[in-house]
Each structure stands twice: as C-alpha cells, then as structure tokens.
Amino acid sequence: MKIQLQTLRKAKGLTQEEMANILDVKLSTYQKYERDAISPPYDTLIKIADFYGVTTDYLLGREKPAEQVNPILQITNEEMERQLLEAYFSLPEKLRKQFLDGMAEKLQKQKNVGAVPQEEKPTQMTTVKSVVLYGDSDSNEDSAQTA
C-alpha cells in the first residue's frame, strides 16, 4: 500500500499532514500508513479509496489503476475554482464581459425552468464548471465562436 498512497498523494499535490487532516488521523499515524508500518482500519481504507476515486483493491495492491481516470473526478472544488478563476482572469476584458453575459443568460434560463425541484437546481458554480468543462450548446456558442 506504501507505493499507492505516496503516488496518489503526490499526484494530488498534498502533504502527509494535509492527508492526515483529511482522514482525521494523527500525522504520525498517516506516516505509518505510507511506510507500511501499520495498515489503516477498514473505514479509513474506504475513506482513502473514496477520496482518490480508486478501489480498495487498488490500494491493497490487488489491481492495477484504471488506464483512464476522469480528471474531473480527481479535482477538488477548491482546485476547480482556482483554475476557473485563473482562466477567467487570463481572458481579455471584452471576452470576460461576454463570458459573464453568457453566464447571466444561462442562469436566468435555469431560474425560469419551473419543472426542476429546488434542491436539484444547479448552483452558479456548477453551471460555471459545466460551461467551462463541457461547453454550452445554446447561449455560449456565439461567444465561443468569437473567442
């Protein structure tokens, strides 16, 4: 498990201390996991697997990692927000305005859809992620063509 834990943690750019905090264990305990000095309890093993989007079998060395892991699933919301803001601020002012106008239009359309239950309506951040990652077939086609 040593190799898997180190590889996954480093790929996410996390320190051992950050992982220990995420797992709610002492730093020394997490370090022992990475050295194979002790094995994490089942509930912690599951938490690690869920956090990295891998199986417990992979962590235990019983299977190879998936060839293609969806990178979107591996990015935390905080990282995604940072990347989106960096991309946004790297745009010229005219394109930033077009982007915001397109987003405002998209959000207004979503507000007008009455069939979607309140708890299922996308948040503004979810909408921004969807538009940036997957594009938008309606309102942003014109903006994309001018970009």
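Every read-out reported here was derived from the displayed coordinates using simple, explicitly stated rules and does not represent laboratory data. On a predicted model such as this, the values are computed, not experimentally measured, just so you know. Glycine gets a Cβ as well: all are built from the backbone with ideal geometry, and neighbour counts include every protein chain shown.
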Just from the alpha-carbon atoms, what are the Rg and Dmax of the stretch 2-70 in angstroms? 11.2, 33
How would you rank 26, 47, going from fewest to most other Cβ atoms within 10 Å of each one's own Cβ? 26, 47
Can you work out the Karplus-derived ³J(HN,Hα) for every residue in the stretch 95-101? Use 6.51 cos²θ - 1.76 cosθ + 1.60 with θ = phi - 60°, whole Hz, and x for glycine or proline. 5, 4, 5, 4, 4, 5, 4
